[in-house]
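The values are calculated or read from the model by the stated rules, or taken from the named source; none is laboratory data. Model, not experiment: these values are computed from the prediction. Quick reminder, even Gly has a Cβ in these numbers, built from the backbone with ideal geometry, and neighbours come from all protein chains shown.
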Amino acid sequence: MYVYPRPFSKLPIEEYQNHSRIHKVEAPLVEISSTIIRKRIKEDQSIQYLVSESVIEYIKEKNFYL
């Protein structure tokens, strides 16, 4: 399992640091969440640059979050 740390997360990742099947992803922290994406879609705001174009098309095609 790969864990991407999020700003202000309360998950104590240090507890899993030496676990053989859990790996922390070393990447820049960004403040994007699925909650923000769903909210923007419901409010008819752009999610461009938050997700890829293929994800945007898939969400539109399936009418997710409307």
Near pairs, Cβ below 7 angstrom, 6+ apart or cross-chain, from the range 13-42 (closer than 30 Å to F64 by Cα and of a type in the set (V, I, T)) to any residue that is assigned to a loop (DSSP other than H, G, I, E, B) and at pLDDT 85 or above: I32/L50; I37/I47; I37/L50; I41/I47
Filtered residue count, the range 20-38, keeping only those that are surrounded by fewer than 13 Cβ atoms within 10 Å (Cβ to Cβ), out of contact with any strand residue (DSSP E or B) (no Cβ under 6 Å at 6 or more places or on another chain) and not in a loop (DSSP other than H, G, I, E, B): 2
